[in-house]
1. So, of the residues in the stretch 151-162 that are touching a residue at least 40 places away in the same chain (Cβ under 8 Å) and either of a type in the set (A, V, I, L, M, F, W, C) or closer than 10 Å to Ser84 by Cα (or both), which turns out to be surrounded by the most Cβ atoms within 10 Å (Cβ to Cβ)?
2. With respect to Val255, is the statement that it is in contact with a helix residue (DSSP H, G or I) (Cβ under 8 Å, 6 or more places away or on another chain) and not aromatic (Phe, Trp, Tyr) true?
3. If you go through the stretch 180-187 one residue at a time, do you hit one that is among the small types (Gly, Ala, Ser), more than 19 Å from Ser82 (Cα to Cα) and assigned to a helix (DSSP H, G or I)?
4. Could you check, for the stretch 163-182, whether at least one of its residues is buried (at least 17 other Cβ atoms within 10 Å of the Cβ) and over 30 Å from Val92 (Cα atoms)?
5. Does Tyr265 satisfy the criteria of being surrounded by fewer than 11 Cβ atoms within 10 Å (Cβ to Cβ), aromatic (Phe, Trp, Tyr), more than 19 Å from the chain's Cα centre (by Cα) and not in a helix (DSSP H, G or I)?
6. If only one of Trp228, Trp208 is part of a helix (DSSP H, G or I) and within 25 Å of Lys72 (Cβ to Cβ), which one is it?
7. For the structure I just gave you, tell me whether Ala145 is at pLDDT below 90, in contact with a helix residue (DSSP H, G or I) (Cβ under 6 Å, 6 or more places away or on another chain) and either among the small types (Gly, Ala, Ser) or outside any helix (DSSP H, G or I) (or both).
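The values are calculated or read from the model by the stated rules, or taken from the named source; none is laboratory data. Please read these numbers as outputs of a predicted model, since none were measured by experiment. Don't worry about glycine lacking a Cβ; one is built from the backbone with ideal geometry, like all the others, and counts go over all protein chains shown.
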Amino acid sequence: MKKNKPVFVAIFSVFILPLVLLIVNFFPGFEINTHIVVTPDGGLLNIKLFYILMLIMNAYFIFIAFRYNLDKSEIALNFMTSWSFIVLVLLVENVWIRYVFIIFSMLVFFFIAYWSRPKTSQSVYVKEKPLRRMMMMLYVFNTYAFLIGAYSFHIYFTNFSFVFISVVSSIYSAFAAYMIWSLYFKSEFKKLVVWSIIFATIIFELMWVMVYLPFGYLALGFLTVWIWYLLQLFVRFHLNKEDIIWKQQINFLLVNLILYILVLYIIRWV
């Protein structure tokens, strides 16, 4: 049975990630006699402090998930979104953009903490289009952040197996797609799992194509998540009772194809 979260728990859920990001950003050498590593942007990162903060934050999210029997969407978004902002802050060079991410993370977690609180008047909140679309965009954002993290890891650690990276990324991408589909089809578990497995296979193959393109991790992540978004969208259309109405989607596909080719050209030559 779900329990209402106390106000202080909801507030702490909003601020725990920004606090972690601020500590990582401002106190890279907080402990004495610890390991300091260079991040991809050239900054310093106290690796022991980083692990401790990650342990505390993840332990907190696990605790409230079991203590208050949170909805699966809130549990997923708590973990996925926090990891996304951590990846972005570690990779971004400009300190002011980091501040923007930290502030934005507070707004995002305020939304997560608010819409998922169980209220009798909002028992069918997933049917509200604005909220559902915001949740969907969060999953898209999280997938993009994870993919750029995966590609950057491959670029900076070339000896690490890309097979492992692509397997983990494909599973993550398929899970994000599954969570989006589950917002629309709550009683189609087996069918969604089958499509998730198919989806993971496609993304695995796609990443092996993308990795050979002469682009940076931001571009590779963007190009991959673009295709990922279109695929999950058409799977969602297919799962509808009306199925995919191709006559209505031809123009949409053509526009995306033209834009995709144009973006490839701009990234490569501009």
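1. Residues of the stretch 151-162 that are touching a residue at least 40 places away in the same chain (Cβ under 8 Å), as a first pass: 151-152, 154-156, 162.
When the remaining residues are screened for being either of a type in the set (A, V, I, L, M, F, W, C) or closer than 10 Å to Ser84 by Cα (or both), the result is 155, 162.
Values: Ile155: 13, Phe162: 17.
For the stretch 151-162, the residue satisfying everything is Phe162.
2. Values: in contact with a helix residue (DSSP H, G or I) (Cβ under 8 Å, 6 or more places away or on another chain): no; not aromatic (Phe, Trp, Tyr): yes.
No; evaluated as a whole, the condition is false for this residue.
3. Step one: filter the stretch 180-187 for residues among the small types (Gly, Ala, Ser), giving 182, 187.
Remaining after also requiring more than 19 Å from Ser82 (Cα to Cα): 182, 187.
Narrowing further to those that are assigned to a helix (DSSP H, G or I): 182.
Taking every residue of the stretch 180-187 in turn, at least one turns out to be among the small types (Gly, Ala, Ser), more than 19 Å from Ser82 (Cα to Cα) and assigned to a helix (DSSP H, G or I).
4. Yes, that holds for at least one residue.
5. Working: surrounded by fewer than 11 Cβ atoms within 10 Å (Cβ to Cβ): yes; aromatic (Phe, Trp, Tyr): yes; more than 19 Å from the chain's Cα centre (by Cα): yes; not in a helix (DSSP H, G or I): no.
It is false that Tyr265 is surrounded by fewer than 11 Cβ atoms within 10 Å (Cβ to Cβ), aromatic (Phe, Trp, Tyr), more than 19 Å from the chain's Cα centre (by Cα) and not in a helix (DSSP H, G or I).
6. On the way: Trp208 fails: within 25 Å of Lys72 (Cβ to Cβ).
Exactly one residue qualifies, and that residue is Trp228.
7. On the way: at pLDDT below 90: no; in contact with a helix residue (DSSP H, G or I) (Cβ under 6 Å, 6 or more places away or on another chain): yes; either among the small types (Gly, Ala, Ser) or outside any helix (DSSP H, G or I) (or both): yes.
It is false that Ala145 is at pLDDT below 90, in contact with a helix residue (DSSP H, G or I) (Cβ under 6 Å, 6 or more places away or on another chain) and either among the small types (Gly, Ala, Ser) or outside any helix (DSSP H, G or I) (or both).
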